[in-house]
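Chemist: Handing you this structure, nothing more for now.
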């Protein structure tokens, strides 16, 4: 069995240095490491090559999704790990996933904050009927709630492992998304085809988080805002409008509170331009399946909120929807 690591990267060589060191310390070694360099202007590519990685040099920054797709195309592995450049893997990460993945199609572990390992950075994702994603556990103290293995629909591509065959069956990552929500889009397509993943909390990674742009950088907000519209255009046609309006307007208020209202508006405008070119009938026959996925996923967000506490966004969202 061959396992490949695919690392999309742009500048910040010091991040890559830390990740590659943790990759080299895995109890179960990776068989190959592919760094897809998205037009770095520093010496990242040369550094990666000098440290044993195969480097694919792109002439400019094509975004996360495109870089990962190029890496997957070049990879030899039966399993492919997609890793952000600001992640550090525990030495048991890969071995633990492979030993526990069973028949699942993909797997992810518990990702802790690199700044404060007592805090969850992320576990698995869920998606609401408002087309807004929830990185479950993000910002919450690590606790027993997050120590239970379970089937999952969405694996954050921060640090996750996928069967190569999955990309042949479901298709590549949708490059319309560029960066952000591309993993949720991929998870919806997996769910529609009955391809289930698993959360394995014993596989631990540490994530610096938003190291390239920043959590509330205007470009981050613009891209998330844009891709919420793209996600809506692909899958939410014919579904109730009130959850969509409530979810995305609330997210706009959140952006306003972080002084990113203009970026939110620009993202929505860009998203609507992209949406005009999306085939509206692509998932016309999947409406019932999509509704089932969204209902189950939103229920999971609500149940976890009841166990660990709701943040402002989800508290107001569920109040508006009369949960």
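Just so you know, all these numbers are worked out from the coordinates, no wet-lab data involved. All values reported here derive from a predicted model rather than from experimental measurement. Ideal geometry is used to build each Cβ from the backbone, glycine not excepted, and the neighbour counts take in all protein chains shown.
Chemist: What's the angle, to the nearest 10 degrees (0 to 90), between helix 241-257's Cα axis and the longest principal axis of the chain?
Modeler: 60 degrees
Chemist: If you line up the long axis of helix 287-308 against the longest principal axis of the chain, both from Cα atoms, how many degrees apart are they, to the nearest 10?
Modeler: Roughly 80 degrees, rounded to the nearest 10.
Chemist: Please report the antiparallel percentage of DSSP beta bridges with both residues in the chain, rounded to the nearest 5.
Modeler: 50 percent
Chemist: Right, next: Given the peptides 140-150, 293-303, arrange them by the average over their residues of other C-beta atoms within 10 Å, most packed first.
Modeler: Ranking the peptides 140-150, 293-303 by packing returns 293-303, 140-150.
Chemist: Would you please state which residues of the range 182-207 a label at residue 292 would reach in this model, taking the label point 7 Å out along Cα→Cβ and a backbone N cut-off of under 16 Å?
Modeler: The answer is 188-197, whose backbone nitrogens lie closer than 16 Å to the label point.
Chemist: Between residue 169 and residue 1, what length comes free when the chain is fully extended (0.36 nm per residue of separation minus the Cα-Cα distance, one decimal in nm)?
Modeler: Fully extending the segment from residue 169 to residue 1 adds 58.5 nm.
Chemist: So if R0 is 41 Å, what FRET efficiency would residue 25 and residue 242 give, r being the distance between their Cβ atoms, rounded to the nearest 0.05?
Modeler: 0.25
Chemist: I would also like to ask the following. I'd like the orientation of helix 218-235 relative to the chain: the angle between its Cα long axis and the longest Cα principal axis, in ° from 0 to 90, rounded to 10.
Modeler: 70 degrees
Chemist: Another one. Run the quick spin-label model on residue 202 and residue 274: label points 7 Å from Cα toward the beta carbon, then report their separation in nm to one decimal.
Modeler: Rounded to a tenth, the inter-label distance reads 3.9 nm.
Chemist: A further question follows. Estimate the FRET efficiency between residue 262 and residue 319 by the formula 1/(1 + (r/R0)^6), using the beta-carbon distance for r and 22 Å for R0, to the nearest 0.05.
Modeler: It comes to 0.20.
Chemist: Nearest 500 deg cm²/dmol is fine: what mean residue ellipticity at 222 nm does the chain get from its DSSP H runs of n ≥ 4 alone, each adding -39,500 (n - 2.57), divided by its residue count?
Modeler: Taking each H run of at least 4 residues, the total per residue is -13500 deg cm²/dmol.
Chemist: Go ahead and set up a Gaussian network model of the chain, Cα springs under 10 Å, then flag whichever of 278, 290, 152 fluctuates most.
Modeler: Most flexible of the set in this elastic network: 278.
Chemist: Ok, one more. First measure r as the distance between the Cβ atoms of residue 150 and residue 14, then evaluate 1/(1 + (r/R0)^6) with R0 = 25 Å and state the FRET efficiency to the nearest 0.05.
Modeler: In this case the efficiency is close to 0.10.
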